[in-house]
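The values are calculated or read from the model by the stated rules, or taken from the named source; none is laboratory data. Please read these numbers as outputs of a predicted model, since none were measured by experiment. Cβ: placed from backbone, ideal geometry, glycine included. Neighbour counts: every protein chain shown.
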């Protein structure tokens, strides 16, 4: 029998790899090397063979490749029937996903299908002495991390929080490619995409500087945008602003949104709810402007300016423009 | 179009996250001092269900798995407009992770029967796994759609659903019955009607089912039915911040801020 194997589901859309899949792949390789396991990248898509070398570089010993037009954009069904079939045939030890929308969508269903464990959004990953998968699972808005282990089922499953691990080129050499054809059911999906509307995607987890608009802006993000322009920052927002549709979900900072790793975050009019501030833990410098002298945000700020952001920010923009000259 | 059957809404009661503490001695989560509330996106799921009922008919039934003290929250859901409510409650369920939780909910949904759709909140604010909706769908053998911002239309045996995806959204057509996970903030939940609220509080009794009612054995649920186990709990300590307070005229504050920002540019 060969070595135990860790499978990583590689998310892609129209042949473009989801960057956080590579984070998971490279972390899986690190853990695999420690325990003498093998890493397989599970790649499903349409015309995606070109991605094989990339997956090798980021840590895949093997690439399990299945190509079909049904995989071009994600809907759960074709992926679900195909992964089910492959797992039944090959019986991997572990199956990992990046905790993106689609990763969570697929993993939640497959775990019940296999009657196995599934840890959500983990921020640490290893095996214990008995070979059980152990992960750190954040809960309660990120205030508490539960260390959870898999006690039952195979494959041992987890979704991995995006932006926590770095995508590092750990692999070496060409991976072994195993090609499979998908089961016939991929063409009988009960879900059909009617249309898609995609704007420009900004990945804030990789931004150096971010200006974050909170409810104190009253949903008026013009000033925040202007400040972004002056200092070359990207725009982010708190959850309520995404809820009311002022910004797209991808700009939402916090537990269910993006965790920042930036040098600088400027927070305009946010009170500092736990699910929000958990997205700022890895920011080097946090600067806030808030009307309320005692908002929780104070505790999470390096600089906490008290005052009306609509008065302060225009002056700040002017000063920054002058000083930059 | 045939009239819709039951529109089932899964509802959870959660402690407000900012009020939950970790007891460092016992390593347990202390929810006792936290205020409880209906999990916020579950309210959006309920509102979406009520809107569908207003437009296409059907019956809205709320289902929940939790201790008896959740009953008032189910009455609140009924006050908002739900037609009926079921509480799955059994000591044997304590400690259930998503595997037995989805099993018990799926069994309850089957017992309610005649369902056209099952709407859940996208995730709970305490666990945040988001695994329950696809899990229920798998037990029931029906399709699921997560991160739903709107159920646009119901026609024949299909629903048209808008789902949030990276950088935008997509419109999907899904066969009925299905499970949909509704995003937080997808709509504005209605306030309960005053008279209905009074009626619900005084007269309405949710159905309470134990696991035997669902044909489940104790070993299939709770800790023994779960596939994960919590080994340890750790409190996340936020990084130490300088907490330098800037006050004064807007001009002075802006000057200080500009300095602090320029250091990082």
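Please indicate, with yes or no, whether at least one residue in the stretch B:38-45 is in contact with a strand residue (DSSP E or B) (Cβ under 9 Å, 6 or more places away or on another chain) and more than 19 Å from residue B:181 (Cα to Cα). Step through it out loud before you land on a result.
Initial filter on the stretch B:38-45 (in contact with a strand residue (DSSP E or B) (Cβ under 9 Å, 6 or more places away or on another chain)): B:38-45.
Add one more test, that the residue is more than 19 Å from residue B:181 (Cα to Cα), and what stays is none.
Scanning the stretch B:38-45 turns up no residue that is in contact with a strand residue (DSSP E or B) (Cβ under 9 Å, 6 or more places away or on another chain) and more than 19 Å from residue B:181 (Cα to Cα).
So, of the residues in the stretch A:263-278 that are outside any loop (DSSP other than H, G, I, E, B) and touching a strand residue (DSSP E or B) at 6+ places or on another chain (Cβ under 8 Å), which turns out to be modelled with the lowest pLDDT? Spell out the reasoning first.
Within the stretch A:263-278, the subset outside any loop (DSSP other than H, G, I, E, B) is A:264-268, A:274-278.
Restricting the remaining residues to those that are touching a strand residue (DSSP E or B) at 6+ places or on another chain (Cβ under 8 Å) gives A:264-268, A:276, A:278.
Values: A:264: 97, A:265: 97, A:266: 97, A:267: 97, A:268: 97, A:276: 90, A:278: 84.
If we take residues in the stretch A:263-278 being outside any loop (DSSP other than H, G, I, E, B) and touching a strand residue (DSSP E or B) at 6+ places or on another chain (Cβ under 8 Å), then A:278 is modelled with the lowest pLDDT.
So residue B:203 fits all but one of (1) more than 28 Å from residue B:43 (Cα to Cα); (2) exposed (fewer than 14 other Cβ atoms within 10 Å of the Cβ); (3) modelled with pLDDT of 95 or more; what number is the exception?
Exception for residue B:203: condition (1).
Do we have any residue at all in the stretch A:280-291 that's part of a loop (DSSP other than H, G, I, E, B), surrounded by fewer than 19 Cβ atoms within 10 Å (Cβ to Cβ), within 24 Å of the chain's Cα centre (by Cα) and at pLDDT below 90? First the steps, then the outcome.
Our first condition is that a residue be part of a loop (DSSP other than H, G, I, E, B); within the stretch A:280-291, this holds for A:281-284, A:291.
Filter once more, keeping what is surrounded by fewer than 19 Cβ atoms within 10 Å (Cβ to Cβ): A:281-282, A:284, A:291.
Still in the list and also within 24 Å of the chain's Cα centre (by Cα): A:281-282, A:284.
Subset that is at pLDDT below 90: A:281-282.
So far as the stretch A:280-291 goes, yes, one or more of its residues are part of a loop (DSSP other than H, G, I, E, B), surrounded by fewer than 19 Cβ atoms within 10 Å (Cβ to Cβ), within 24 Å of the chain's Cα centre (by Cα) and at pLDDT below 90.
Mind telling me which of the residues A:95, A:86 ends up being assigned to a helix (DSSP H, G or I), over 16 Å from the mean Cα position of the chain (by Cα) and touching a residue at least 40 places away in the same chain (Cβ under 8 Å)? Full working, then the answer.
Details: A:95 fails: assigned to a helix (DSSP H, G or I).
So the residue among A:95, A:86 that is assigned to a helix (DSSP H, G or I), over 16 Å from the mean Cα position of the chain (by Cα) and touching a residue at least 40 places away in the same chain (Cβ under 8 Å) is A:86.
Could you list, in sequence order, the residues of the stretch B:59-100 that are closer than 20 Å to residue B:140 by Cβ, touching a strand residue (DSSP E or B) at 6+ places or on another chain (Cβ under 6 Å) and assigned to a helix (DSSP H, G or I)?
Once the filter is applied, which keeps residues that are closer than 20 Å to residue B:140 by Cβ, touching a strand residue (DSSP E or B) at 6+ places or on another chain (Cβ under 6 Å) and assigned to a helix (DSSP H, G or I), the stretch B:59-100 yields nothing.
Among the residues of the stretch A:15-30, which ones are surrounded by fewer than 18 Cβ atoms within 10 Å (Cβ to Cβ) and touching a strand residue (DSSP E or B) at 6+ places or on another chain (Cβ under 8 Å)? If you could, list the steps in order and put the result at the bottom.
Narrowing the stretch A:15-30 to residues surrounded by fewer than 18 Cβ atoms within 10 Å (Cβ to Cβ): A:15-16, A:19, A:30.
Passing the criteria: only A:15.
So, in the stretch B:126-150, of the ones that are touching a helix residue (DSSP H, G or I) at 6+ places or on another chain (Cβ under 6 Å) and more than 7 Å from chain A (Cβ to nearest Cβ), which residue ends up farthest from residue A:122 (Cα to Cα)?
Only one residue tops the list, namely B:140.
Quick check: is even one residue across the stretch A:104-112 at pLDDT below 95 and either under 16 Å from the mean Cα position of the chain (by Cα) or not assigned by TED's automatic domain parsing to the domain that holds residue A:58 (or both)?
no
May I ask you to list the residues in the stretch B:218-255 that are surrounded by fewer than 14 Cβ atoms within 10 Å (Cβ to Cβ), more than 7 Å from chain A (Cβ to nearest Cβ) and more than 30 Å from residue A:153 (Cα to Cα)?
Listed by number, the residues that qualify are B:237, B:240, B:248, B:249.
Does residue B:34 satisfy being under 16 Å from residue B:180 (Cα atoms) and either surrounded by fewer than 20 Cβ atoms within 10 Å (Cβ to Cβ) or more than 14 Å from chain A (Cβ to nearest Cβ) (or both)?
Working: under 16 Å from residue B:180 (Cα atoms): no; either surrounded by fewer than 20 Cβ atoms within 10 Å (Cβ to Cβ) or more than 14 Å from chain A (Cβ to nearest Cβ) (or both): yes.
No, not satisfied.
In the stretch B:162-180, what residues are within 18 Å of residue B:6 (Cα to Cα) and more than 9 Å from every other protein chain (Cβ to nearest Cβ)? Write out each step before concluding.
So in the stretch B:162-180, the residues within 18 Å of residue B:6 (Cα to Cα) come out as B:174-180.
Those that are within 18 Å of residue B:6 (Cα to Cα) and more than 9 Å from every other protein chain (Cβ to nearest Cβ): B:176, B:177, B:179, B:180.
Tell me whether the stretch A:172-191 contains one or more residues that are within 13 Å of chain B (Cβ to nearest Cβ) and surrounded by fewer than 15 Cβ atoms within 10 Å (Cβ to Cβ).
Residues of the stretch A:172-191 within 13 Å of chain B (Cβ to nearest Cβ): A:185, A:188-191.
Cutting the leftovers down to surrounded by fewer than 15 Cβ atoms within 10 Å (Cβ to Cβ) gives us A:188.
Yes; the residues of the stretch A:172-191 include at least one that is within 13 Å of chain B (Cβ to nearest Cβ) and surrounded by fewer than 15 Cβ atoms within 10 Å (Cβ to Cβ).
Which condition breaks for residue A:53 when tested against (1) out of contact with any strand residue (DSSP E or B) (no Cβ under 9 Å at 6 or more places or on another chain); (2) at the interface with chain B (Cβ under 8 Å from one of its Cβ atoms)?
That leaves (2) as the condition not met.
Conditions tested, residue by residue: (1) within 23 Å of residue A:313 (Cβ to Cβ); (2) touching a helix residue (DSSP H, G or I) at 6+ places or on another chain (Cβ under 8 Å).
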| site | (1), (2) |
| --- | --- |
| A:187 | no, yes |
| A:193 | no, no |
| A:200 | no, no |
| A:215 | yes, yes |
| A:218 | yes, no |
| A:230 | yes, yes |
| A:233 | yes, yes |
| A:248 | yes, yes |
| A:251 | yes, yes |
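Looking at the structure I just gave you, is residue A:255 on the phi < 0 side of the Ramachandran plot and assigned to a loop (DSSP other than H, G, I, E, B)?
In short, yes.
Does at least one position in the stretch A:220-233 carry a residue that is in a loop (DSSP other than H, G, I, E, B) and within 11 Å of chain B (Cβ to nearest Cβ)?
Going through the stretch A:220-233, the residues in a loop (DSSP other than H, G, I, E, B) turn out to be A:220-221, A:232-233.
If we keep only those that are within 11 Å of chain B (Cβ to nearest Cβ) too, we end up with A:232-233.
Yes, because at least one residue in the stretch A:220-233 is in a loop (DSSP other than H, G, I, E, B) and within 11 Å of chain B (Cβ to nearest Cβ).
In the stretch A:299-321, is there at least one residue being within 9 Å of chain B (Cβ to nearest Cβ), farther than 15 Å from residue B:257 by Cβ and surrounded by fewer than 24 Cβ atoms within 10 Å (Cβ to Cβ)? Break it down into steps so the answer makes sense when it comes.
Filtering the stretch A:299-321 down to residues within 9 Å of chain B (Cβ to nearest Cβ) leaves A:299-308, A:311-320.
After this cut, where a residue has to be farther than 15 Å from residue B:257 by Cβ as well, the list is A:299-300.
Now narrow it down to the ones that are surrounded by fewer than 24 Cβ atoms within 10 Å (Cβ to Cβ): A:299.
Yes.
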